[in-house]
1. If each of Arg246 and Lys59 carries a label point 7 Å out from its Cα toward its Cβ, how far apart are those two points in nm?
2. Which of Met265, Val168, Ala293 sits farthest toward the positive end of the charge dipole of the chain, with +1 on the Cβ of Lys and Arg and -1 on the Cβ of Asp and Glu?
3. Going by the alpha-carbon gyration tensor, a ≥ b ≥ c the square roots of its eigenvalues, is the chain rounded (a/c under 1.5) or, if a/c is not under 1.5, prolate (a/b greater than b/c) versus oblate?
4. Which of rounded, prolate or oblate describes the range 127-212 when judged by the alpha-carbon gyration tensor and an a/c cut-off of 1.5?
5. How big is the charge dipole of the range 130-302 about its Cα centre, in debye rounded to the nearest 20, if each Lys and Arg gets +1 on its Cβ and each Asp and Glu gets -1 on its Cβ?
6. Which distance in nm do the two modelled labels at Ser286 and Ile214 give, with both placed 7 Å along the Cα-to-Cβ direction?
7. Averaging sequence separations of C-alpha pairs under 8 Å and six or more residues apart, then dividing by the length of the chain, give the relative contact order as a whole percent.
8. Please report, in debye to the nearest 20, how large the charge dipole of the range 235-276 is about its Cα centre when each Lys and Arg carries +1 at its beta carbon and each Asp and Glu carries -1 there.
Amino acid sequence: MSKSVTRQIDRISTISPEFGYVASSFDLYLQSVGRADETRSSYMAAVHQLVVFVQNRYKRPTIDLVTRNDVRAFAVSLMAHKEPATVANRVRSLKQFFKWAVVDQLIEVDPMIGFATPRIPEKPIPIISEDDLKLLLDTCRKSSDIWDLRDYAILRIFISTGARRSEVANLLVDDVDLDEGLIHVIGKGSRPRTVAIDSETATALRLYNRARSIQPHALLEQFWLSKALVAFTAWGIERMLHRRCRQAGIEKFNLHRFRHTFAHMAMDKGMSDSNLMNIAGWKSRSMLDRYGASKAGERAISAHRKLMSSFRF
């Protein structure tokens, strides 16, 4: 069980041991169907927040006490201070939670049957500028310190592959093929795929790997090491990015912004839709449209200008 999920279940148990047992059983189900740690953490965050909310209505909340109006009021409370995407995520997570609870006969009626997921207004994700990417890399470029080498290699992988946070964080030593310039990742749904890395990124990985080999915990199967003599986690990578943003003097952003930026750069350079979907690990064209939305207008204008410049009349 991941530390994040464990902490959330412990918090739920503090409020209601009965609800804590249900949450633990739900997480066991999520593990049995192969849900990733981040997905499980997201589901459990929704359950924990709901339990905290209904605690004001029931001294010792249990799953059978939660009504449709409770969930509706919870969603409304989230809308007051959370982004629409976060609210929609929490509602979708709770739908899965209560659907599971009915199947496992913990409750007779699903309070969220027919419950509408809040609409998410279109809001293109800002792309990281080339100047900011350079400033970010400059915080750890050309350093012989192992932790700078590690961070530089990690940042270059995100920039050049658009891989998900969990995919990069979960890399094993055997997943990194420096001879062929490839990395093997496990995406959503436990689907494996292989992506190429450029020569600069390969060099960064090679330098880090050389420094890694003499660390006290070099025998760990995880490729990324931490100063605490354990594997470097996804949350550790997120915190590292925020620290590097401060050092670079740029606005803080999350790791997922790299994925949107990569999609834009790939489309801008003419990568085919099928190749981009393969590299990014997308099965649906809707994901291609979603991630390509950020700079779709600018790319269309650029393509239009190229078209017009080819005319001779």
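1. Result: 4.4 nm between the two label points.
2. Selected residue: Ala293.
3. oblate
4. Note, shape of the range 127-212 comes out oblate.
5. Values: 27 positive and 22 negative charges, 105 e Å.
Here the range 130-302 has a charge dipole of around 500 debye.
6. Output for this residue pair reads 5.3 nm.
7. Relative contact order, the chain: 15 percent.
8. 320
Values in this text are rule-based calculations from the coordinates and carry no lab data. As the structure is a prediction and not an experimental result, all values here were calculated from the model. Cβ atoms come from the backbone with ideal geometry, glycine included; neighbour counts cover every protein chain shown.
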